[in-house]
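First the structure, in the form of structure tokens, and then the observations on it.
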Amino acid sequence: MAADEPAIEVVDVHRTFDVRRRAGRLRRTRQVVRAVDGLSFDVARGEMVGLLGPNGAGKSTTVKMLTGILVPTSGALRVVGLDPAAARTRLARRIGVVFGQRSGLWWDLPLRDSFALLRRIYDVPADRHAAALAEFVELLELGELMDIPVRALSLGQRMRGEIAAALLHEPELLYLDEPTIGLDVVSKGRLRDFLRTINVERGTTVVLTTHDLGDVERLCRRVLVVDHGRLVFDGSLDALRRLDGTTRTVVVDLATSSPQVEVAGAVVTRVDGPRQWLSLPSGASAAPVVAQLAAAYDVVDLAIQEPAIEDVVARLYQRG
Amino acid sequence: MTALVRSWQAYRAISGAWVRAAMAYRASFVALALGQVLTSGADFIAIVLMFASIDTLGGFGLGEIALLYGLTGLGLGIADLVAGSTEQLGRRVRDGSLDTMLVRPVPALVQVAADQFALRRIGRISQATVVLGWALLHVDIDWNLTRAALLVTTIGSGAVIYLSIYVLGAAFQFVAGDAAEVQNAFTYGGVTLTQYPLTIYPVEVVRAVTFLLPLAFVNWYPALHLLGRDDPLGLPGWVQAASPLAALALAAVAGVAWRGGVRRYRSTGS
Ligand SMILES: Nc1ncnc2c1ncn2[C@@H]1O[C@H](COP(=O)(O)OP(=O)(O)O)[C@@H](O)[C@H]1O
Ligand SMILES: [Mg+2]
């Protein structure tokens, strides 16, 4: 395939599920759930993209279509140049998948044996496998865990094992579906460091779904926000912060408690003793406001707050 | 071709891991395998006891029935060893754990069959082999090369026919959440039905296991040829050598059904 071809192309993809529910004693109602409802996006090779959205937004369904597990109801998908559902086993060799809520390891076998089995399943030459394994054991600190059956590992330990398992055949593209779910802060941090390393050093394209903003903030330059099966935002984190209607805030500490300050281009939204909050329209520069404040008032301290990403995303969900 | 080789490699690797795990508890493995010999042997003992008071059943003597019994038992035994684990598919479909198998570069069917591979199932194979050996010593077969080849291909075809039934049953589990019972009805039901000469059944049953679900090709038609018997349905003579064809046809149907099942798979919502 051409080197400039995107790793992932999604064009107007829909996926519905027929859900039958019992309503009353005998009656059953049939309901169509639109899990993914007209999604389109591209991911370039080597990118690290976060798919962000609340529970039930359609993130997992999207990943399952991108791996070929689920057949789309309509629309077109291409992953590294292949149609995932039609070429599922061929694609499998080139992608790695981690499902936060499932295990790709063998529950009763020690990690070491799971890795050995995967080598046979992916038909990886012994020397390449050994080299990759050595690297991941070191980076993910798996050394002491290799002889422990998977069922006896803690969630964080297991997740490190899952990620090594998904990467041992050196895929071009790695999907992680809620990889940090249930992890403690230290484990989350380690995992994020590792993902950054393989993205930068190996050039592996990474697509990560999460409802944890921390994952996206730490890892992804680009974020896709999904809600009700639709894309409600596609861009950088900075652009997400500067979305329409979102504002930056200037917090100013004056020498004494005083009435609301008056400055062109900003509105006071709150006063608390000598501290006042001024809201700036989106896209406006803070410099003139700061200059006016400094000239006209006795300013002790001053800070500019970016809008909290949580608030931005919450507003997105409300609009969507 | 490489796909087949890879599938076989993966099957061996996964089943091997389960065998090693089972061998860690050798005594319990032996007990389980012996248990299989006994449970699958019980129905043959019943037949032997029956022959204390009768000389023929449906026009067939004990040795001839043992031949039928051995052939069908061996076919099922091999299929059960290879693919008995597909019984688990219903659970994997319900809880969505098939997902992880679908993202690996080996057919999911191969992985499902190899997962939880139970070597103790050689119990049934050994029992059927003993009965078949005993039968061959006690029936009158005018041996030549063709008949010897027919015996061997019959065993292979029988295994493929039962394997296809396992796969059909597994495919059905994509549609009906828990259909392992249906699968069992056809595999174990099929083996019970074909343990006896088909002359004891109404002709509709014989037609059904010839044209609908070709269980009669597991043992009945080739055995008629080996034993020099007339076909009660009066079908042309080549039918008695057609087991491989029946097996391939059923395998093709099972393959299509399985693919259809995988396309219908919907995993589970989180
Ligand atoms: N196999 C399924 N059967 C029925 N409904 C499903 C299935 N998978 C997902 N859904 C529904 O589709 C929607 C999206 O689910 P999902 O993709 O798992 O969301 P997310 O991963 O963003 O939490 C939800 O309403 C969910 O209940
Ligand atoms: Mg999900």
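For region A:62-79, which residues satisfy the criterion of being buried (at least 18 other Cβ atoms within 10 Å of the Cβ) and either within 12 Å of chain B (Cβ to nearest Cβ) or within 12 Å of ligand 1 (Cβ to nearest atom) (or both)?
Residues satisfying the conditions are A:THR62, A:VAL63, A:LYS64, A:MET65, A:LEU66, A:THR67, A:GLY68, A:ILE69, A:LEU70, A:VAL71, A:PRO72, A:VAL79.
Residue by residue, here is whether (1) within 14 Å of chain A (Cβ to nearest Cβ); (2) surrounded by 16 or more Cβ atoms within 10 Å (Cβ to Cβ) holds:
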{"site": "B:LEU102", "(1), (2)": "yes, yes"}
{"site": "B:ARG120", "(1), (2)": "no, yes"}
{"site": "B:ILE125", "(1), (2)": "no, yes"}
{"site": "B:ASP142", "(1), (2)": "no, no"}
{"site": "B:LEU150", "(1), (2)": "no, yes"}
{"site": "B:THR154", "(1), (2)": "no, yes"}
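Within region A:184-224, track down each residue that is open to solvent by 20 Å² or more (accessible area, probe 1.4 Å) and among the acidic types (Asp, Glu).
A:ASP184, A:ASP193, A:GLU201, A:ASP212, A:GLU217
Going by the structure shown, is A:LEU278 touching a strand residue (DSSP E or B) at 6+ places or on another chain (Cβ under 6 Å), within 16 Å of ligand 1 (Cβ to nearest atom), outside any helix (DSSP H, G or I) and of a type outside the set (Val, Ile, Thr)? Quick ask: steps written out before the conclusion?
Details: touching a strand residue (DSSP E or B) at 6+ places or on another chain (Cβ under 6 Å): yes; within 16 Å of ligand 1 (Cβ to nearest atom): no; outside any helix (DSSP H, G or I): yes; of a type outside the set (Val, Ile, Thr): yes.
When the stated conditions are applied, A:LEU278 does not pass them.
Looking at region B:236-270 only, could you name the residues that are within 16 Å of ligand 1 (Cβ to nearest atom) and of a type in the set (D, E, K, R)?
B:ARG263, B:ARG264, B:ARG266
Any chance region A:268-280 includes a residue that's open to solvent by 70 Å² or more (accessible area, probe 1.4 Å), of a type in the set (Gly, Ala, Ser) and closer than 27 Å to A:ARG241 by Cα? Working first, answer last.
If we filter region A:268-280 for residues that are open to solvent by 70 Å² or more (accessible area, probe 1.4 Å), which is where we start, we get A:269-270, A:272, A:275.
From what is left, the residues that are of a type in the set (Gly, Ala, Ser) are none.
Within region A:268-280, not a single residue is open to solvent by 70 Å² or more (accessible area, probe 1.4 Å), of a type in the set (Gly, Ala, Ser) and closer than 27 Å to A:ARG241 by Cα.
When A:LEU213 is evaluated against the numbered criteria (1) more than 16 Å from ligand 1 (Cβ to nearest atom); (2) farther than 30 Å from A:TRP106 by Cα; (3) not β-branched (Val, Ile, Thr), which criterion, by number, is the only one it fails?
(1)
Of the residues that sit in region A:113-138 and are loosely packed, with under 15 Cβ neighbours inside 10 Å and part of a helix (DSSP H, G or I), which one is farthest from the other protein chains (Cβ to nearest Cβ)? Spell out how you get there, then give the answer.
Let us first name the residues in region A:113-138 that are loosely packed, with under 15 Cβ neighbours inside 10 Å, namely A:125-128, A:130-131, A:134, A:138.
Retained after the next criterion (residues that are part of a helix (DSSP H, G or I)): A:126-128, A:130-131, A:134, A:138.
On the way: A:ALA126: 13, A:ASP127: 18, A:ARG128: 15, A:ALA130: 17, A:ALA131: 20, A:ALA134: 21, A:GLU138: 25 Å.
Residue satisfying both the conditions and the ranking: A:GLU138.
When region A:167-181 is examined, which residues are found to be part of a loop (DSSP other than H, G, I, E, B) and more than 10 Å from every other protein chain (Cβ to nearest Cβ)?
Of the residues in region A:167-181, the ones part of a loop (DSSP other than H, G, I, E, B) are A:168-172, A:178-181.
The answer is A:LEU168, A:GLU170, A:PRO171, A:GLU172, A:PRO179, A:THR180.
Assess whether A:ARG15 counts as being within 16 Å of ligand 2 (Cβ to nearest atom) and over 17 Å from the mean Cα position of the chain (by Cα). Spell out how you get there, then give the answer.
On the way: within 16 Å of ligand 2 (Cβ to nearest atom): yes; over 17 Å from the mean Cα position of the chain (by Cα): yes.
Yes, satisfied.
Out of A:ARG94, A:ARG102, A:ARG90, report the one residue that is touching a helix residue (DSSP H, G or I) at 6+ places or on another chain (Cβ under 6 Å), at the interface with chain B (Cβ under 10 Å from one of its Cβ atoms) and open to solvent by 20 Å² or more (accessible area, probe 1.4 Å).
Working: A:ARG94 fails: touching a helix residue (DSSP H, G or I) at 6+ places or on another chain (Cβ under 6 Å); A:ARG90 fails: touching a helix residue (DSSP H, G or I) at 6+ places or on another chain (Cβ under 6 Å).
Unique residue meeting the criteria: A:ARG102.
Select from region B:177-211 the residues that are open to solvent by less than 30 Å² (accessible area, probe 1.4 Å), of a type in the set (A, V, I, L, M, F, W, C) and in contact with a Gly (Cβ under 9 Å, 6 or more places away or on another chain) and list them in ascending order. So that I can check it myself, show each step before the final result.
Just the residues of region B:177-211 that are open to solvent by less than 30 Å² (accessible area, probe 1.4 Å), to begin with: B:179-180, B:183, B:187, B:190-191, B:194-195, B:197-198, B:206, B:209-210.
Checking which are of a type in the set (A, V, I, L, M, F, W, C) leaves us with B:179-180, B:191, B:198, B:206, B:209.
Scanning region B:177-211 gives B:ALA179, B:ALA180, B:VAL191, B:LEU198, B:VAL209.
From (1) open to solvent by less than 30 Å² (accessible area, probe 1.4 Å); (2) touching a residue at least 24 places away in the same chain (Cβ under 8 Å); (3) out of contact with any Phe, Trp or Tyr (no Cβ under 6 Å at 6 or more places or on another chain), pick out the condition that doesn't hold for A:GLY235.
With (1) open to solvent by less than 30 Å² (accessible area, probe 1.4 Å); (2) touching a residue at least 24 places away in the same chain (Cβ under 8 Å); (3) out of contact with any Phe, Trp or Tyr (no Cβ under 6 Å at 6 or more places or on another chain) applied to A:GLY235, the lone miss is (2).
Looking at region A:44-61, I want the residues that are within 10 Å of another protein chain (Cβ to nearest Cβ) and have a partner that is within 6 Å of ligand 1 (Cβ to nearest atom) and among the polar types (S, T, N, Q) with Cβ atoms under 7 Å, at least 6 apart or on another chain. Which pairs are those?
Here the result reads A:SER60/B:SER270, each pair linking region A:44-61 to a residue that is within 6 Å of ligand 1 (Cβ to nearest atom) and among the polar types (S, T, N, Q).
Within region A:40-57, how many residues turn out to be in a strand (DSSP E or B) and within 11 Å of ligand 1 (Cβ to nearest atom)? It would help to see each step written out before you state the result.
We begin by selecting, within region A:40-57, every residue in a strand (DSSP E or B); these are A:40-43, A:48-52.
Add one more test, that the residue is within 11 Å of ligand 1 (Cβ to nearest atom), and what stays is A:51-52.
Final tally of qualifying residues: 2.
The values are calculated or read from the model by the stated rules, or taken from the named source; none is laboratory data. Just so it is clear, the model here is predicted, and its values are computed rather than measured. Every residue, glycine as well, gets a Cβ built from its backbone with ideal geometry; the counts of neighbours run over all protein chains shown. Just the protein is used for accessible areas: all its heavy atoms, side chains included, with ligands, DNA and RNA removed. Shrake-Rupley method; radii C 1.70, N 1.55, O 1.52, S 1.80 Å.
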